[in-house]
Structure formats: C-alpha cells, structure tokens
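See structure below.
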Amino acid sequence: MKSKDSLKGLTSINQAITRIEMTIKEITEIVDGKVICCEDKMSTYVEYAFSSDLMSDVLTIEKENLVLITGLANLQTIRTSEMSDISCIIFARDKKIGEDMISLARENQMILVESPHSVFHISGELYKAGIKSIY
C-alpha cells in the first residue's frame, strides 16, 4: 500500500485504491504462486483482475492490464486469453499446467502462474491489495 505522504492530495481512500497497479511479480508473491511460463515478463503491470471458469464470460471482457484467475487448466483457457488480450493467467487450487499449454502460452508471451489457493482466496487477496475488479 502507498505511504501516507504519497496519498496527500487525494480526496478519499477509494481514489487512492483506484490508482494502484501491481507487477506480476508482486501478484505472484501475494497468491503464493509459482511462475511456469514467461518469467521475463514479471515486471508487467496489472490493474484489473477477473475470476471465471467460464471462458464465454472471459470473452466479454474489454479491459487491458488484466489478470485472469481460473481453475480451468486446459488449452481453451490459453486460447480464450489470447483472444481477449490477457497477458497473465493464475491457475487456482494447485491445477497443473500441461506442456501443450506452456508451449501455446510461450508463443503468445503469456505469463502462467500456479497457486495453491482457491479462486475465492486469490480474488480476495488481490482485491485487498488494491487490484480492481471488472464488475
């Protein structure tokens, strides 16, 4: 969180929260994650998070700087994220990412993270840390 000095001039704590962006590295630490693909992109900034196992819902998102949190570990998740310009996916509940997924993600320079926590827990921790929700 920002220091009190960096909050001077802001009219509310909500205004401070809406200005927060985090790097993938910071997000990975918060969710106790392990980066599986594209470690060189860890300095990428993210402003929003979206949690879903329904890829049809993911296709409706029109935001940039977004991380997807899901428990769906298959190629369709990578393909859908590519179509939605999502550069980072966090896989919840210790879901293991297959080699075919890693290969496709690497082609698309997409960061893949495995986390032992539930989608609910990950979402809550990132929200608490200041990441904005889509809805």
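Can Arg106 be described as basic (Lys, Arg), at pLDDT 95 or above, closer than 20 Å to Thr23 by Cα and not in a loop (DSSP other than H, G, I, E, B)? Criteria met by Arg106.
When the range 49-68 is filtered for residues that are among the polar types (S, T, N, Q) and within 15 Å of the chain's Cα centre (by Cα), the ones remaining, listed by number, are Ser51, Ser52, Asn65. Please work out which residue is surrounded by the most Cβ atoms within 10 Å (Cβ to Cβ), limiting yourself to the range 86-100 and to residues that are of a type in the set (D, E, K, R) and under 18 Å from Val119 (Cα atoms). Ranking the qualifying residues of the range 86-100, first place goes to Lys95. Looking at the range 75-95, which of its residues are of a type in the set (Ser, Thr, Tyr) and touching a His at 6+ places or on another chain (Cβ under 9 Å)? None - no residue of the range 75-95 is of a type in the set (Ser, Thr, Tyr) and touching a His at 6+ places or on another chain (Cβ under 9 Å), so the list stays empty. Pairing each residue of the range 116-135 that is touching a residue at least 40 places away in the same chain (Cβ under 8 Å) with any residue that is surrounded by 16 or more Cβ atoms within 10 Å (Cβ to Cβ) and in a helix (DSSP H, G or I), provided the two are 6+ apart or on different chains, yields C-beta distances under 7 Å for Glu125/Ile30; Leu126/Ile27; Leu126/Ile30; Ala129/Ile30; Gly130/Ile17.
The values are calculated or read from the model by the stated rules, or taken from the named source; none is laboratory data. Since we're looking at a predicted model, the values are computed, not measured. For neighbour counting, all protein chains shown are included, and Cβ atoms are generated from backbone atoms with ideal geometry for every residue, glycine included.
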